[in-house]
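Take a look at the structure below.
Readers should treat all values here as calculations from the given coordinates under stated rules, not as data from a laboratory. All values derive from a computational prediction rather than experimental measurement. In this analysis, Cβ positions are derived from the backbone assuming ideal geometry, glycine residues included, and neighbour counts consider all displayed protein chains.
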Amino acid sequence: MGLRRKARECALQMLFAADILGAETRADELVRAYWDELGEAEMDAAAREFATRLAVGTITHVSELDERIRSRAEHWRIPRMAVVDRNVLRLAVYEFLHEPTPRTVAINEALEIARRFSTYEATQFINGILDAIKRDLDREHPQEEIAAHPDEAPEESDDDERIASA
């Protein structure tokens, strides 16, 4: 597993904790507690910083992210989504909007993380919502050709075809 995927998984775990603990939780306290209690001490410093930036950024922008998700999650209210699924969505949409990650890479990473932490059906649900949001963003402001981080070089998979055709 690449360092950036591991960082995204750490960010997801922080987001899961924040979601369970509620709005009164401060992001800085949550991050500190995560790294002190659960985080891997030997994790690469850059990956740790990336995970922290993703978690804090997602928590900070949760209303904006939820609005984007809500606009494309037909017949689904955010609070009714599984905690893991809504936070995988939030994390990917945060990357769409606030990180230089290519949007297709963010989708692929979200799907791989969903496969590990959620269900098969969830990956289909997440793929559909993220692809719709990506299309919206591509119309609003196309993303320049950004090279993927070397640690997240795209691999050929069945999801590539599904993403392209969705």
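Below is a table of values for the structure above.
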item	result
Most mobile of Asp19, Asp131, Asp44 in a GNM of the chain (Cα contacts under 10 Å)	Asp44
Range of Cα positions in the range 3-165 per principal axis (Å), largest first	43, 37, 30
Check: the chain dipole with +1 on Lys, Arg Cβ and -1 on Asp, Glu Cβ, in debye	560 debye
Average Cα contact separation per residue, the chain, under 8 Å, 6 or more apart, as relative contact order %	24 percent
Dimensions in Å of the range 39-125 - Rg and Dmax from alpha carbons	13.2, 43
Residue-span extension gain [Ala33 to Ser71] - 0.36 nm each, minus C-alpha spacing	10.4 nm
Top of Gly39, Gly22, Gly57 by mean-square fluctuation, Gaussian network on the chain, Cα under 10 Å	Gly22
Most mobile listed residue (Arg68, Arg86, Arg115) in the chain, GNM with C-alpha springs under 10 Å	Arg115
Computed [θ] at 222 nm, deg cm²/dmol, the chain (DSSP H ≥ 4; -39,500 (n - 2.57); rounded to nearest 500)	-23000 deg cm²/dmol
Inter-site label distance for Glu42 and Arg135 at 7 Å from Cα along Cβ, in nm	4.5 nm
Interchain or long-range residues, amide H under 5 Å from Ala82's placed H	none
